[in-house]
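First the structure, in the form of structure tokens, and then the observations on it.
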Amino acid sequence: MIPTEMLVIPWYLMSQSFGWLDSYWGIMFPGLMTAFGVFLMKQFFETVPDDFLEAARIDGLNEFQIWWTVAMPMVRPALAALAIFIFLGNWTAFLWPLIVTTSSELYTLPVGLSSFGDEADLPSELIMTRAALPTTPTLVVFLIFQRFIIRGVVMAGLKG
């Protein structure tokens, strides 16, 4: 809910205190938990029919078992959509990885590609290939999770 630019200083101080500067944990931690993710999952869990939860309680399942065996399979499309959103958000992140990393080995693709802009004598074909290459993992993730997204859209209107 708060713009990323306002969170950079607290994130940096937190990463520094945890010793996560210039590490994979430092790059990942801001994107792992988002307000949108919490809202999306809350809304989707509310669509799980209460009849299924009550039937599981009558069958003797505890609350964790109900969550794991009944609710989680029903919200799998939302988890897939959230995984895609988080992956794309972190894959295309530029500002935070640029701030938290100092070694070129940990640069994310957008940060690494921006460093190629300084090399003016590269052929334009090579620059375009380097710019198009980061879309490949995005397409792979979408192809893997597309059936879950379609199922989620179809199931969205079934409660009621």
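The values are calculated or read from the model by the stated rules, or taken from the named source; none is laboratory data. Model, not experiment: these values are computed from the prediction. All Cβ positions, even for glycine, are placed from backbone atoms using ideal geometry, and neighbour counts span all protein chains on display. Quick note on the areas: whole protein, heavy atoms, side chains included, nothing else; ligands and nucleic acids left out. Shrake-Rupley method; radii C 1.70, N 1.55, O 1.52, S 1.80 Å.
A few remarks follow.
- Checklist (1) out of contact with any Lys or Arg (no Cβ under 6 Å at 6 or more places or on another chain); (2) buried (at least 16 other Cβ atoms within 10 Å of the Cβ); (3) more than 30 Å from residue 15 (Cα to Cα) applied to residue 77, failing item: (1)
- For segment 117-160, filtered to residues that are in a helix (DSSP H, G or I) and among the basic types (Lys, Arg), the residue that is modelled with the lowest pLDDT is 151.
- Selected residue (only one of 60, 26, 37 is open to solvent by less than 100 Å² (accessible area, probe 1.4 Å) and closer than 19 Å to residue 99 by Cα): 26
- Among the conditions (1) out of contact with any Phe, Trp or Tyr (no Cβ under 8 Å at 6 or more places or on another chain); (2) within 29 Å of residue 142 (Cα to Cα); (3) at pLDDT 90 or above, residue 52 misses just one, which is (2).
- Members of segment 59-94 found to be β-branched (Val, Ile, Thr) and assigned to a helix (DSSP H, G or I), listed by number: 66, 69, 70, 84, 86
- Of the criteria (1) polar (S, T, N, Q); (2) open to solvent by less than 60 Å² (accessible area, probe 1.4 Å); (3) modelled with pLDDT of 80 or more, which one residue 114 fails: (3)
- Wholly within segment 1-47, helices (runs of 4 or more DSSP H) carrying at least 1 residues that are in contact with a Pro (Cβ under 7 Å, 6 or more places away or on another chain) and either without any contact (Cβ under 8 Å) to a residue 60 or more places away in the chain or not acidic (Asp, Glu) (or both): 4-18, 24-32
- Search result, residues across segment 64-73 that are surrounded by 11 or more Cβ atoms within 10 Å (Cβ to Cβ) and not hydrophobic (A, V, I, L, M, F, W, C): 65, 69
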